Structure formats: C-alpha cells, structure tokens
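The structure appears below as structure tokens.
The values are calculated or read from the model by the stated rules, or taken from the named source; none is laboratory data. Everything numeric in this text was worked out from a predicted model, so none of it was measured. Glycine also receives a Cβ, built like all others from the backbone with ideal geometry; neighbour counts cover every protein chain displayed.
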Amino acid sequence: MPAKQLFDRTGVLNSLPKFRMLMNPKSYLMAHPIYQKQDIEHITHYHHQPEGLSDRLALYSIRIVRKTFDVLSRYNPKKMDERAWLNRIIFLETVAGVPGMVGGMSRHLKSLRTLEKDNGWIHHLLQEAENERMHLFIFLTMRNPGVFFRVNVALAQ
C-alpha cells in the first residue's frame with residue numbers, strides 16, 4: 001500500500017500543515033518549505049500509549065538515555081548559553097559517529113567470515129560515521145572542550 005494512502009486512511013495527512021516551497025534558481029540554498037504560523041499551531045500531537053512490556057521497556061529505556069544525556073551535557077533549558085549548547089552538541093556528535101563505525105566494522109567482519117558480498121552496506125555505514133565526524137569537527141572549531149568533557153565522551157562511547 002502506498003504511503004499516501006496509508007496516511008489518508010489514518011488521518012495523519014490531513015493534520016499536516018500546508019506549505020509552499022521556496023525555490024530560487026539563483027540561490028545556492030536548497031528548496032525549503034514555508035509554513036504559516038497558524039497552521040503549525042493547529043498540529044495535533046500524537047503519543048502512542050505503551051501497551052505491553054516491550055512498549056514500556058522501550059519508552060523507559062529511551063527516557064533513561066535522554067535523562068543521562070541531559071545530565072552529562074548539563075542541559076538546563078533556562079540557563080543555556082552558547083557554551084552550554086556547544087557542549088551539548090559536541091557531546092552528541094561524539095557519540096553519534098559510533099553506530100556507523102561499529103555497524104560498518106561488524107558488516108566488514110561478517111563479509112570476511114562468510115566470504116560473501118555486503119551489497120554496499122560497509123561503505124554506506126562508514127560514510128555515515130565520517131559524516132558525523134565532520135559535524136563534530138565543525139563544532140570543535142567553535143569550542144575546544146576540557147579534560148572533564150573528554151573523559152565523559154570516552155565513558156559514553
């Protein structure tokens with residue numbers, strides 16, 4: 001079933017805000033949607049209530065991971081300045097590169113072990129890890145973290 005039909009049937013498509021695309025052929029920027037404020041304010045927020053053990057386990061594990069990230073990055077929405085935001089972003093980017101590298105290496109080792117092709121997954125996953133590393137280096141040009149921060153990064157990875 002096409003995604004549009006699925007959205008039409010569930011009513012999600014009708015709750016999305018309407019927008020127009022801003023495309024300027026003379027600009028180097030990519031096309032992006034322009035939303036109206038009143039449309040955004042009328043978006044219905046959905047939350048799936050956990051029903052079984054696996055739903056509750058998933059919900060609470062994500063809450064624990066988020067709370068741990070908030071504590072380690074010293075997140076306080078009322079006192080966030082440029083330095084605090086950079087700490088939070090740099091911490092996130094150091095951890096974000098790990099899954100791509102681990103996935104790429106595990107696919108590489110599996111390919112060697114089974115003597116079969118991986119159909120391009122290794123390259124794709126390592127490219128994703130490299131992308132996250134480039135994000136990290138961009139933010140590191142703005143701030144150089146100290147020893148305490150680097151220890152937390154090593155522990156998180």
| task | Being touching a Pro at 6+ places or on another chain (Cβ under 9 Å) and of a type outside the set (S, T, N, Q) is the filter; apply it to region 84-123 and report the residue that is nearest to His135 (Cα to Cα). | result | Ile90
| query | What is the number of the single condition among (1) farther than 16 Å from Gln157 by Cβ; (2) at pLDDT below 85; (3) among the polar types (S, T, N, Q) that Ser73 does not meet? | reply | (1)
| field | Test: Lys78 is in the same structural domain as Asn144 (by TED's automatic domain parsing), among the charged types (D, E, K, R), more than 26 Å from Ala154 (Cβ to Cβ) and modelled with pLDDT under 90 | value | yes
| query | Which ones in region 74-129 are of a type in the set (Ser, Thr, Tyr) and either more than 23 Å from Val151 (Cβ to Cβ) or under 16 Å from the mean Cα position of the chain (by Cα) (or both)? | reply | Thr94, Ser106, Ser111, Thr114
| request: Would you mind stating whether Arg63 is farther than 20 Å from Arg150 by Cα and under 20 Å from the mean Cα position of the chain (by Cα)? | output: yes
| Residue in region 43-58 that is part of a loop (DSSP other than H, G, I, E, B), of a type in the set (A, V, I, L, M, F, W, C), more than 28 Å from Asn152 (Cα to Cα) and modelled with pLDDT of 90 or more present | no
| said: Contact list please: Cβ distance under 7 Å, first residue in region 121-145 and over 30 Å from Lys110 (Cα atoms), second residue of a type in the set (Asp, Glu) and surrounded by 14 or more Cβ atoms within 10 Å (Cβ to Cβ), pairs at least six apart or on different chains. | reply: Phe139/Glu93
